[in-house]
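So the structure is just underneath, and the comments pick up after that.
The values are calculated or read from the model by the stated rules, or taken from the named source; none is laboratory data. The structure presented is a predicted model; accordingly, all values stated were derived computationally and were not measured. No Cβ is skipped: glycine too gets one built from the backbone with ideal geometry, and neighbour counts run over all protein chains shown.
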Amino acid sequence: MNKIIPFVVVVLLFTATARADTVIPAEVATPVELSNHDINRIVCPGPMTDLIFSREKGLTGHFSGNNAFIKFKIEKNGDEYVYTTTPNELFVVCNGAVYTLIATPRDIPSVTLRLASAKGKRFKHNIARYRKMPLEKQALQLIREAYAGSCPSSYRITPASGKSSLSLSPHLETTLQRTIDVEGVGLRLKQYRVKALGIKPVAVDETMFLTSAVSPSILAVAVEDHTLNRGASIRVFVVEKKETPR
């Protein structure tokens with residue numbers, strides 16, 4: 001199928017920030033929030049062999065076994081303590097993979113971050129495929145492949161179990177058909193079948209799917225057709241940014 005996709009894509013850029021007990025993927029720069037006054041912990045699924053960061057930005061840390069412990073320095077100015085707000089990059093070499101954390105210090109309790117296991121050749125193939133693409137193009141690429149049925153074997157495709165329906169409109173039946181995970185890149189596509197109910201034509205647009213009932217971290221929505229006649233159905237593709245790999 002080589003024709004141009006006949007629908008509009010709405011791209012919503014955002015910053016997904018990992019929080020306490022979040023699982024962090026390898027080879028993907030992940031924003032995280034860490035306590036600026038307590039010791040933070042990073043847990044590796046295997047042996048940790050290196051921990052790299054800039055001490056000039058007020059960060060200290062060490063690792064032992066499969067754990068690393070990170071703390072932001074606290075300065076004293078007269079009778080007051082000054083807590084840093086400067087973000088810092090952390091590179092953790094864990095179980096043969098590199099994890100990149102963009103750490104922002106916050107006035108929050110101690111945070112524990114868990115590093116996900118790398119997924120071998122599939123994982124590396126996806127990273128190489130998407131490495132040079134900006135986020136918008138990554139989302140468009142995934143939609144095009146799902147639309148054309150040309151997803152590479154490195155993607156994990158999971159058919160929906162049972163009937164996973166959404167109540168987005170009383171005039172539409174919206175059912176999840178499958179999910180497509182691009183492991184290592186942190187993208188997931190959800191493909192829905194949308195069927196018109198009643199006797200009148202029904203308008204469908206991308207904004208109908210910009211809801212947390214679909215995903216709390218939507219990057220893009222693509223609708224196959226914007227007008228549905230009685231009994232007709234279309235596909236809708238939603239791309240989300242995963243904070244926790246599954």
(message) Please list, ordered by residue number, the strands (runs of 3 or more DSSP E) wholly in the range 62-181 having 1 or more residues that are in contact (Cβ under 8 Å) with a residue 60 or more places away in the chain.
(response) 88-94, 97-106, 112-115
(request) Quick one: THR211 ticks every box in (1) free of Cβ contacts under 8 Å to residues at least 40 places away in the same chain; (2) among the hydroxyl-bearing types (Ser, Thr, Tyr); (3) in a loop (DSSP other than H, G, I, E, B) except a single one, so which number is it? (result) (1)
(request) Collect the residues in the range 27-58 that are among the hydrophobic types (A, V, I, L, M, F, W, C) and farther than 13 Å from ILE102 by Cα, keeping them in residue-number order. (result) ILE39, ILE42, VAL43, CYS44, MET48, LEU51
(request) Identify, from the list PRO87, PRO109, PRO105, the residue that is crowded, with 18+ Cβ neighbours inside 10 Å and under 17 Å from ILE39 (Cα atoms). (result) PRO105
(message) Can you find a residue that is basic (Lys, Arg), more than 30 Å from ALA26 (Cβ to Cβ) and at pLDDT 90 or above anywhere in the range 226-236?
(response) yes
(request) Go through the range 141-193 and give me each residue that's among the polar types (S, T, N, Q) and under 18 Å from MET208 (Cα atoms). (result) SER164, SER165, SER167, SER169, THR174, THR175, GLN177, GLN191
(message) For the range 216-235, check the following and say yes or no: at least one residue is over 30 Å from TYR99 (Cα atoms), of a type in the set (S, T, N, Q), free of Cβ contacts under 8 Å to residues at least 40 places away in the same chain and touching a Phe, Trp or Tyr at 6+ places or on another chain (Cβ under 9 Å).
(response) no
(request) Determine if the range 193-207 includes at least one residue that is in contact (Cβ under 8 Å) with a residue 60 or more places away in the chain, surrounded by fewer than 17 Cβ atoms within 10 Å (Cβ to Cβ) and of a type outside the set (Asp, Glu). (result) yes
